[in-house]
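Data first, discussion second: the structure below is written as structure tokens.
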Amino acid sequence: MKKALALLLAFVMVAALMVTAYADDDMDKLIADAQAEGELVVYGSCEEEYLAAACENFQKLYGIKTSYQRLSTGEVPAKIEEENGKPSADVWFGGTNNPYDSLAAKGFLDNSYVPMNASHLTKDIYKDPNGYWYGIYTGLLGFMVNTDELERMGLEAPQSWDDLLKPEYKGLIWLSNYKTAGTPKLVANLMIQLKGHDEGVQYLVDLDKNVQVYTKSGSGPSKNVGTGECVIGIGFLHDGITQIVDNGYDNVALVVPSDGTACEIGPVAIFKGAAHPAAARLFMEYALSPDCVELAAQHGSYQFLVIDNAEQPAAAVEFGLDPSLVWDGYDFAKAVTDTDQNVADVMAAIEAAGSDVGEGRFQTS
């Protein structure tokens with residue numbers, strides 16, 4: 001018994017040393033250990049242009065071979081859960097925090113490392129309270145509308161969530177797929193918190209009657225507003241800025257819902273069982289630095305940044321997408337525990353109402 005206890009204590013001491021190995025601001029040691037591993041694999045759920053730039057810059061800065069794959073925030077958990085403790089990637093970068101919360105709750109994220117650069121986060125809500133993920137940006141949920149198409153149809157732009165239920169918007173609205181994207185998970189949490197569970201679920205069943213397409217990716221609606229294929233897109237408003245600023249669609253207008261909205265937090269996290277743990281930890285430090293986050297605006301991503309030593313994208317400031325516009329009643333902690341059940345309840349209710357839930361409408365590719 002004493003021998004077993006001694007072995008257990010030794011194991012605990014080793015584990016503790018592993019957790020605090022870089023607690024003394026020893027970046028040189030972390031860099032050396034990461035370079036000794038020589039490789040990093042990243043799954044990214046932000047836009048691919050930003051993902052590529054971030055990973056290529058990390059490789060350039062540290063000489064570590066960095067490969068990456070762009071996957072939606074619904075695809076990553078499915079892949080990691082299937083791999084069951086032997087993840088094919090080391091870190092997850094960008095997207096929305098709700099799927100990160102779900103994966104952490106199932107034991108697939110690693111919280112043994114506290115990044116030194118997390119000290120630059122401007123608010124506590126920009127990190128998981130249990131250390132499973134740390135935020136790199138935040139984005140405001142709202143509507144993007146094609147002003148040319150609305151004028152042609154003689155319609156006003158919706159100004160609130162309740163406005164979206166008006167019969168004149170039938171077939172004009174696009175949202176993303178609850179099963180493959182993080183954006184509609186946030187929509188579900190927001191509606192249920194704003195209206196109560198049953199009323200929130202019923203709202204989304206009623207909204208479904210006006211939705212033409214559910215895209216695979218959360219940014220899918222925004223990419224089709226400028227062309228007029230989608231007249232009203234629900235999503236993150238920085239994606240609308242990309243369409244206006246980078247793609248020249250001056251017929252796109254942005255709407256912050258008057259009856260309340262929420263925000264995404266785009267995190268970075270390490271997968272439990274990562275094959276390259278030191279490189280993963282170094283990437284965490286990098287992701288929480290200006291070297292990484294300031295690349296976003298240079299590559300079509302205009303989210304507000306959440307560290308105090310980075311310069312905000314001028315376009316995000318110009319369009320007024322301030323995180324302070326978030327409904328102050330939104331409960332981030334409650335969203336962590338409720339997301340999976342809320343989404344399951346919404347999808348079941350939509351199907352029970354006789355709606356088309358096939359892949360032609362709820363896109364998966």
Links that overshoot a 21 Å alpha carbon limit, given the list 86/106; 179/223; 106/223; 106/272: 106/223
Could you give the accessible area per residue of the stretch 124-164, probe 1.4 Å, as a whole number in Å²? 42 Å²
Place +1 on the Cβ of every Lys and Arg and -1 on the Cβ of every Asp and Glu in the chain, take the dipole about the Cα centre, and give the residue among 301, 159, 205 whose Cα lies farthest towards its positive end. 205
Report the extension gain between residue 352 and residue 312 in nm, rounded to one decimal, defined as 0.36 nm multiplied by the number of residues separating them, less their alpha carbon distance. 9.9 nm
The stretch 249-300, accessible area per residue, ligands and nucleic acids excluded (1.4 Å, Å²): 27 Å²
With +1 on the Cβ of every Lys and Arg and -1 on the Cβ of every Asp and Glu, and nothing else charged, how large is the dipole of the stretch 207-323 about its Cα centre, in debye rounded to the nearest 20? 540 debye
With +1 on the Cβ of every Lys and Arg and -1 on the Cβ of every Asp and Glu, and nothing else charged, how large is the dipole of the chain about its Cα centre, in debye rounded to the nearest 20? 1140 debye
On the accessible surface of the stretch 141-291, probed at 1.4 Å, how many percent belong to carbon and sulfur atoms? 47 percent
Could you provide, to the nearest whole Å², the per residue accessible area of the stretch 22-83 with probe 1.4 Å? 49 Å²
Can you tell which of 329, 283, 256 lies farthest toward the positive end of the dipole of the stretch 232-359, using +1 and -1 charges on the Cβ of basic and acidic side chains (Lys, Arg; Asp, Glu)? 283
Given an 8 Å cut-off on Cα distances and at least 6 residues of separation, report the relative contact order of the chain as a percent. 26 percent
Once a ≥ b ≥ c are taken as the square roots of the eigenvalues of the Cα gyration tensor of the stretch 220-365, is the result rounded (a/c under 1.5), prolate (a/b larger than b/c) or oblate (a/b not larger than b/c)? oblate
When mean projected area of the Cα convex hull in nm² is calculated directly from the model, which label among (i) 25.1; (ii) 19.6; (iii) 17.0 fits? (ii)
Determine the dipole magnitude for the stretch 94-172: charges of +1 sit on the beta-carbon of Lys and Arg, -1 on that of Asp and Glu, nothing else is charged, the reference point is the Cα centre, and the result goes in debye to the nearest 20. 320 debye
Using Cα positions and a limit of under 15 Å, work out the aspartates and glutamates in reach of residue 170, with same-chain residues fewer than 8 apart set aside. 149, 156, 162, 206, 208, 229, 356
Identify which of 291, 239, 28 has the largest mean-square fluctuation in a Gaussian network model of the chain, with springs joining Cα atoms closer than 10 Å. 28
Could you give the length gained on full extension between residue 227 and residue 122, defined as 0.36 nm per residue of separation minus the Cα-Cα distance, in nm? 34.1 nm
For the chain, which span is the longest to avoid every loop-located (per DSSP) member of GluC sites (Glu not before Pro) having at most 16 other Cβ atoms inside 10 Å? 1-155
At a Förster radius of 35 Å, what calculated FRET efficiency corresponds to the Cβ-Cβ distance of residue 130 and residue 258, to the nearest 0.05? 0.50
Once you've got the GNM for the chain with C-alpha springs shorter than 10 Å, pick whichever of 177, 98, 251 has the biggest mean-square fluctuation. 251
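The values are calculated or read from the model by the stated rules, or taken from the named source; none is laboratory data. Please read these numbers as outputs of a predicted model, since none were measured by experiment. FYI the Cβ positions are ideal-geometry reconstructions off the backbone, even for glycines, and counts take in every protein chain you see. The accessibility values were calculated without ligands, DNA or RNA, using every heavy atom of the protein model including side chains. Shrake-Rupley method; radii C 1.70, N 1.55, O 1.52, S 1.80 Å.
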